[in-house]
Amino acid sequence: MSSPFRVRRALVALSACSLISALPVGAQDDRFSFHGSINSAYGKSDGLGVFGLDKDGTSDYRAVALLFGYKTSENGRVVTQLLHRRVGSSPLSASEAPIGVVWAFYEHRLDNGVSLKFGRSPLPRGIFNEVRFIGTLLPFYRNGAAVYGETLEYLDGISASRRFELGQHWSIDGTTFAGGFDIRAVLPGETGSQVIRLRAENSGGAQVWLNTPIDGVRVGAFVNNYQTTPNRTIPEASRQKRTTTTMYSLDAVRSRGFLRAEYSAFDGEGPSGKSHFDSWYTLVGVKPLEQVTLAAEYSKANNRLNLPSPVEPIMLPISEDIGLGVAYAVTPSLVVKLEGHRQEGYAFDTSVPTIRPPTSGPPFRATLAPPSKAFYGLASIAVAF
Amino acid sequence: MRFSQIVRALVVSLLCLGTAEALSAQGYKVIAHPSVAADDAPAAALSKVFLKQTKKLPDGSTVTPADLSKDSPVRDAFTKGVHSRTIAAVETYWQQQIFSGKEAPPSTKGSDAEMIAWVKAPPGAIGYVSSGASTDGLKVIAVK
């Protein structure tokens, strides 16, 4: 490395350090704001690899988000969020950029209460999508993977949001959006799980929340219609049809506990035929003390595969996860958690038997291999500033 | 540590607790720039303003809120009185807003004096101070 280049790089690094050190933690003034979140864990499974955890255990398990905001005017601001994420031995770790720009949007607020966002912005989907990596807001290390997966995280496009007051303490928060987004899925394969990366375009949808007069209780619905690409180069007859994802949410958060439940479904059409995917979870928590949360979660994902004729469709119960956890909030910005899960099904990082080939003669019926199971646990610490 | 030192530490801690409780009991008053027309407002409406769910008071006045710092007993009293929540619950609300890209919390002021100086400056400014603070030249908004 040449000397001038080294000096220049050192100066840039020094300037960046000076800028950050000059700011108080979680800094904010009238124009500039800077916030961050660290969600870091040690995890281990008892055998099969699951969510990047294996029987060796790993501390290479974290999500770090840094958020910068700048108010350009009384009604406008730009916001960007950088994300660094490690998922242990999961193939996701290899497919993630060391630091990714997950948000970069300009927001303009109209006088009538409408908020418009342009660029890459968090996709409003269900309770947790926009905060899926912020550990201080989650009762477990992560939100229910069966429902949220690794997709529909952010939107490249435009969104418009507004609150509508209905009177009698009822209100509606509505967001409509259009654009495209990345699709990532960790799918079990013959040699273990692999990451599928696709892109959805020409997407449109909405998220609506009905806020009830009971503080902290709301119900929501999400719908999104999109086209998976690349599609242009594929013959018309074998192109994928547009897909619609729906999601329904119940969110009840009170001072002494919470109840959350969500259901999501979509239809897909791949080379092996059509499929209908649905998943749901129920999350219950009690707070015997303001700082202590005891949580339990049950989640399940199913994939109804329509196999090529004449083989009959088959229901693949992809995963069933039961989790128990305890969280201690030293402050709202510093939370430590301990959790244990039992996962049963066919979604593991390690290759497991799934569908047995159909019989060669009628009734051409495929069968399921016995489900596999694993216990896994996580100890994590979450910080937000 | 000797027994007398432990007793002294306990007494000092209790006195500090007493001071904090006294300040909390002392209460708060909501203040605004003289340009704000409203004389009073329901707690629920003020809560929406300080949670940045609206920019307007019920009389139509457009306002910009500021908070006292998290460790202020006056903020504790205000948060319980206006938001009917704890400071921890409000902090969690702001984390939700920040990290979902929706809203940044109001700017914070370190003392009554700093809050008063700020509220005097921009038209539409609204904040709160301890009920004993001198608020000459400012609009005091009664909480209904």
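Since every read-out is calculated from the coordinates, none of them should be taken as a lab result. These numbers come from a predicted model, not from an experiment. All Cβ positions, even for glycine, are placed from backbone atoms using ideal geometry, and neighbour counts span all protein chains on display.
Overview of values
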item: Test: residue in region A:67-90 that is over 23 Å from A:Glu320 (Cα atoms), part of a helix (DSSP H, G or I), over 12 Å from the mean Cα position of the chain (by Cα) and more than 10 Å from chain B (Cβ to nearest Cβ); result: no
item: Verdict on A:Glu150 being free of Cβ contacts under 8 Å to residues at least 60 places away in the same chain and within 21 Å of A:Arg86 (Cβ to Cβ); result: yes
item: Residue count for region A:117-145, restricted to those that are over 20 Å from A:Val219 (Cβ atoms), more than 13 Å from chain B (Cβ to nearest Cβ) and of a type outside the set (Ser, Thr, Tyr); result: 3
item: Which listed residue is touching a helix residue (DSSP H, G or I) at 6+ places or on another chain (Cβ under 6 Å) and touching a residue at least 12 places away in the same chain (Cβ under 8 Å), from A:Ile158, A:Ile183, A:Ile196, A:Ile134; result: A:Ile134
item: Any pair with Cβ under 6 angstrom, 6 or more apart, that starts in region A:205-216 at a residue that is loosely packed, with under 15 Cβ neighbours inside 10 Å and ends at one that is among the basic types (Lys, Arg); result: A:Gly216/A:Arg254
item: Selection count, region A:172-204, where residues are within 21 Å of A:Ala301 (Cβ to Cβ) and not hydrophobic (A, V, I, L, M, F, W, C); result: 9
item: A:Ser93 being assigned to a helix (DSSP H, G or I) and either of a type in the set (Val, Ile, Thr) or surrounded by fewer than 22 Cβ atoms within 10 Å (Cβ to Cβ) (or both); result: yes
item: Conditions (1) touching an Asp or Glu at 6+ places or on another chain (Cβ under 9 Å); (2) polar (S, T, N, Q); (3) within 14 Å of chain B (Cβ to nearest Cβ): number failed by A:Thr151; result: (3)
item: Qualifying residue in region A:59-66 (condition: surrounded by 19 or more Cβ atoms within 10 Å (Cβ to Cβ), within 11 Å of another protein chain (Cβ to nearest Cβ) and either out of contact with any Gly (no Cβ under 6 Å at 6 or more places or on another chain) or touching a residue at least 24 places away in the same chain (Cβ under 8 Å) (or both)); result: yes
item: Single condition B:Trp118 does not satisfy, out of (1) of a type in the set (Phe, Trp, Tyr); (2) farther than 30 Å from A:Arg254 by Cβ; (3) touching a Pro at 6+ places or on another chain (Cβ under 7 Å); result: (3)
item: Residue among B:Ser100, B:Ser61, B:Ser72 that alone is within 12 Å of chain A (Cβ to nearest Cβ) and hydroxyl-bearing (Ser, Thr, Tyr); result: B:Ser100
item: Residue list for region B:27-56, restricted to those being in contact (Cβ under 8 Å) with a residue 60 or more places away in the chain, outside any strand (DSSP E or B) and more than 15 Å from B:Phe78 (Cβ to Cβ); result: B:His33, B:Pro34, B:Ser35, B:Val36, B:Ala38, B:Asp39
item: Residues being without any contact (Cβ under 8 Å) to a residue 24 or more places away in the chain, surrounded by 20 or more Cβ atoms within 10 Å (Cβ to Cβ) and hydrophobic (A, V, I, L, M, F, W, C) - total across region B:58-93; result: 0
item: Selection from region A:327-355 of residues that are within 14 Å of chain B (Cβ to nearest Cβ) and either in a strand (DSSP E or B) or surrounded by 23 or more Cβ atoms within 10 Å (Cβ to Cβ) (or both); result: A:Ala327, A:Tyr328, A:Ala329, A:Val330, A:Thr331, A:Leu334, A:Val335
item: Cβ pairs under 9 Å, 6+ apart, first in region B:103-118 and away from chain A (no Cβ under 13 Å) and closer than 15 Å to B:Val49 by Cα, second among the β-branched types (Val, Ile, Thr) and surrounded by fewer than 16 Cβ atoms within 10 Å (Cβ to Cβ); result: none
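Each row is one residue, and each column tells you yes or no for (1) surrounded by fewer than 18 Cβ atoms within 10 Å (Cβ to Cβ); (2) in contact (Cβ under 8 Å) with a residue 40 or more places away in the chain; (3) outside any strand (DSSP E or B); (4) within 22 Å of the chain's Cα centre (by Cα).
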site	(1), (2), (3), (4)
A:Pro288	yes, no, no, no
A:Lys300	no, yes, no, yes
A:Leu324	yes, no, no, yes
A:Pro370	yes, no, yes, no
A:Gly377	no, yes, no, yes
A:Ala382	no, yes, no, yes
